[in-house]
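Structure, as structure tokens:
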Amino acid sequence: MTLDQFKDTLSGSAPPSGLRDVLRALWHAGRDEWTPAHEIAQSVDDAEGAWVHAHLHRKEGDLGNASYWYSRAGRPRSRLSLEDEWEEIVTALLR
């Protein structure tokens with residue numbers, strides 16, 4: 001699946017079947033559904049989950065918490081726009 005194909009699924013009523021949890025979290029984030037996105041990201045205990053978790057807290061405006069999760073992900077805090085960062089993460093995780 002490409003980024004554009006992933007974006008096209010955002011108009012559906014549910015994420016596409018077979019998506020990994022980190023991508024399901026990003027699907028909800030792409031629809032501004034912060035709570036389900038956060039609940040899913042919080043359940044993924046690895047660097048990818050931490051990266052998504054960091055993005056969500058950055059989107060929420062909680063930069064201190066976001067910094068913690070970027071550190072857990074082994075990544076610097078993003079300087080991209082929120083939309084561009086979301087696209088960067090989706091693209092990376094679709095690979």
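Brief remarks follow.
- Using θ = phi - 60° and Karplus 6.51 cos²θ - 1.76 cosθ + 1.60, couplings along region 47-64 (whole Hz; Gly, Pro as x): 4, 5, x, 5, 5, 5, 4, 4, 4, 5, 5, 5, 4, 5, x, 9, 5, x
- Length gained when the stretch Ser11-Arg95 is fully extended (0.36 nm per residue, less Cα-Cα span): 28.0 nm
- Sorting the Cα pairs of region 33-81 by distance into bins of 5 Å, from 0 upward, gives 5, 27, 34, 24, 9, 0 percent per bin.
- Estimated translational diffusion coefficient (Stokes-Einstein, Kirkwood radius over Cα pairs, 10 °C, 1.306 mPa s) of the chain: 122 µm² per second.
- In degrees, nearest ten, helix 82-94 long axis to first principal axis of the chain (Cα): 70 degrees
- Here the Karplus curve 6.51 cos²θ - 1.76 cosθ + 1.60, taken at θ = phi - 60°, turns the phi angles of region 8-19 into couplings of 4, 6, 5, 7, x, 8, 8, x, x, 5, x, 6 Hz, with x standing for Gly and Pro.
- Expected 222 nm ellipticity per residue - DSSP helices of 4 or more, -39500 (n - 2.57), all of the chain, to 500: -20000 deg cm²/dmol
Only the coordinates and a few stated rules stand behind these numbers; no lab work does. Computed from a predicted structure; not experimentally measured.
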